[in-house]
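What follows is a short report on a single structure.
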Amino acid sequence: MTWNLIRWFWKMNLNSFKQSSDKAKTTLIISGVAIGFAVLFFSGIVFSVASTLPGELLSDILSLSFLSLFAFLILFAVPQVFTKLYGDDDLTLLFTLPLKSTHIYWAKFTQVFLGIPGLILAASLVLLTMFGLGAGANIFYYPFAYFTAILVVLMGLGIAYLLNLLLIQMIPAHRAKELMTVITAFAGVLGYVAFQIPTMMSRDGGGESSMLIPELPQWLPLYWAGESVSHLLLGDVTGETVLFSGLLAGLTFAVLYLSSMLVDKGFRTGWIQMNESRSNRKKKKASSAVFKVRPPIIEVGLKEWRTIKRDMREWTMLIPMTFFMFFPIFSIMIRDGNMEFLQTVPALSWISLQAIALGLFSFMTSTFTSGSVAREGSSIDLLRVLPLKGIEVAVGKLWIHWLILFGFIGILQIICAFIFGWSPFHTVAGWLLIGLTGLGSSAIGLYFGAIGAKFNHKNPQNRLETGTSFILLFVAMGYVLIQVIPFGLTLLPASELVFLLGDESSGFFMMIVQWIIGLKSSMPIIVTLVGLALNLFITAVTVWGALTFTAKEIDRGITINFVKE
């Protein structure tokens, strides 16, 4: 029965692709070609590295490679598993049929495995093949390496299912709809922790190579995978090879078996909880309030705020920013000597974290604001009949999304100020300039949200067409790169970083930093004013242009692509 379900899922997905629009097919093909080129590019790098790598480092390199495979799998598979377990519309039919929950579960497991995890596995197999060719591996290396990669993927997928099946039982019924937020947070935390394992838990090495390439702890399953494959690569098969391979296979099957034991309670019951939670909620009594008429721009912004505040899933866009802002600081603090050095030179920690915050804040404001147009959903046509101009709607959506993240970045600045000992002036100056620069990226995101809106009520954090989101990423990156020079001219504390002029390190970024330090040391006030003027000019032109084009799109009538359910 499970096999019949798998065939049915395959035919259903194939028909869905055939009936999809030409735009969707083109986007999928372009994405596939881009992924193929990326894999080919990294294959060449892997081949060249493997051909020159010393034999004693093979185990560490392979262990770190399997760790990266596992981290990416957790990061992308956990949310996808949640969607397949509790979000697919075909479950309404499947649960009414005389089928066991385990049959549906394993069919869904296979469907997920052939999705993003399958793509990750295929890319890893190509890279493992190129690694073996570069290192001159024997013929037995290839099947064993492929088998090990499959075990790692299955283990990661099994853990992803375990997380979903366990969390659905811990979340209260009235919060079941918001489980996606928790799942996304867990995926981000686990993915980051997996990448940080070599730093936080590496074994003490005795040579110079161990300082360059961290070693995983021996109890970690990814270490077993890398160690056993390296033995086959070197042709040195021992009892330890069989032991590590057997432990990895045993742990993988144990995880899969444990997840299958939770099917009845975690899968069917969880799905019922997800779909009946709305009907079980108690209706809140409407409180009487005095209505106050405000300017249209303020009302549009407040309407957006109420919508965002009402659904916790709207905040999932901020989760990546929280991780990537907090964990770099955490990584700096746990490294030996780094914290003490940065506290002795607060200017260095301040400008470094301002640069990080500039890039991440700009990317997140553009992404966060881009979803505001699609949030209108089926009420988008009201924008054409309301007595509002397009520019009023655009400005109303812009200011509230920018203000939310502006307050968020301010909180992070205050936390960092206490940790690294920044002065109040530097803290406020960095916060204001980052917020000012982010206003331009927020306007850019609003325009792309108007031309590539997509609506899916089950996935509110994905409100932009795939192709449009890629273009937005590159445009936002270009905007940040343009603002880097004015940002550095304005904020770089040249008088406190003069010692960097004696650094002979090569690199384009270091050359720019040294040039700004030298220029600002000779004319500090003039250079600061020039940098601030350039920043204001670029931001003003960007905001004006993006709002103008967005207003025209709103006045013309915005088309939203509604995802078929």
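How much length is gained if the chain between residue 523 and residue 537 is pulled fully straight, taking 0.36 nm per residue apart and subtracting their Cα-Cα distance, in nm to one decimal?
Between residue 523 and residue 537, full extension yields 2.9 nm more.
With a point put 7 Å past each Cα toward its Cβ, work out how far residue 423 is from residue 166 in nm, to one decimal.
In this crude spin-label approximation the distance works out to 4.9 nm.
Can you compute the modelled spin-label distance between residue 37 and residue 150, with each label point 7 Å from Cα toward Cβ, in nm?
Simple spin-label model gives 3.3 nm for this pair.
How much length, in nm to one decimal, is gained on full extension between residue 126 and residue 114, taken as 0.36 nm per residue of separation minus their Cα-Cα distance?
Values: separation 12, 0.36 × 12 = 4.32 nm, distance 1.65 nm.
Full-extension gain reported as 2.7 nm.
Between residue 15 and residue 243, what length comes free when the chain is fully extended (0.36 nm per residue of separation minus the Cα-Cα distance, one decimal in nm)? Please list the in-between numbers first.
Values: separation 228, 0.36 × 228 = 82.08 nm, distance 4.54 nm.
Taking residue 15 through residue 243 to full extension adds about 77.5 nm, to one decimal.
Highest mean first, how do 152-161, 431-440 rank when packing is the count of other Cβ atoms within 10 Å averaged over residues? Could the numbers behind the result be given before it?
On the way: 152-161: 24.5, 431-440: 22.1.
Ranked from most to least packed, the peptides come out as 152-161, 431-440.
For segment 345-406, which whole-number percentage of the solvent-accessible area (1.4 Å probe, protein heavy atoms only) is attributable to carbon and sulfur atoms?
Working: 1480 of 2090 Å².
Answer for segment 345-406: carbon and sulfur cover 71 percent of the accessible area.
In Å², what does the accessible area per residue of segment 95-168 work out to with a 1.4 Å probe? It would help to have the intermediate numbers written out before the result.
On the way: 2760 Å² over 74 residues.
For segment 95-168, the per-residue accessible area is 37 Å².
Output the pairs from 309/552; 84/303; 11/100; 397/552; 18/84 with a Cα-Cα distance over 24 Å in this structure; if there are none, say none.
Values: 309/552 28 Å; 84/303 32 Å; 11/100 21 Å; 397/552 15 Å; 18/84 21 Å.
Check vs 24 Å cut-off fails for 309/552; 84/303.
Can you give the FRET efficiency for residue 559 and residue 261, using 1/(1 + (r/R0)^6), R0 = 51 Å, r = Cβ-Cβ distance, to the nearest 0.05? Write out the running numbers ahead of the final one.
On the way: r = 47 Å, r/R0 = 0.93.
According to the calculation, E is roughly 0.60.
How do 10, 422 rank by accessible surface area computed with a 1.4 Å probe, from largest to smallest? The partial results should precede the final answer.
On the way: 10 160, 422 25 Å².
Accessible-area ranking of 10, 422, largest first: 10, 422.
Which one of 401, 347, 378 is farthest out on the positive end of the charge dipole of segment 339-412, using unit charges on Cβ (Lys, Arg +1; Asp, Glu -1) and the Cα centre as origin?
Result: 378, furthest along the dipole toward the positive end.
Given a Förster radius of 25 Å and the C-beta distance between residue 305 and residue 482 as r, what FRET efficiency does 1/(1 + (r/R0)^6) yield to the nearest 0.05?
Numbers: r = 30 Å, r/R0 = 1.22.
With R0 = 25 Å, the Cβ-Cβ based efficiency is 0.25.
Kindly report, to the nearest 10 Å², the accessible surface of residue 306 as traced by a 1.4 Å probe over protein heavy atoms only.
110 Å²
The values are calculated or read from the model by the stated rules, or taken from the named source; none is laboratory data. Computed from a predicted structure; not experimentally measured. We place every Cβ from the backbone using ideal geometry, glycine too, and count neighbours over all the protein chains shown. For the accessible areas, the whole protein counts, side chains as well, though only heavy atoms, and no ligand, DNA or RNA atoms are used. Shrake-Rupley method; radii C 1.70, N 1.55, O 1.52, S 1.80 Å.
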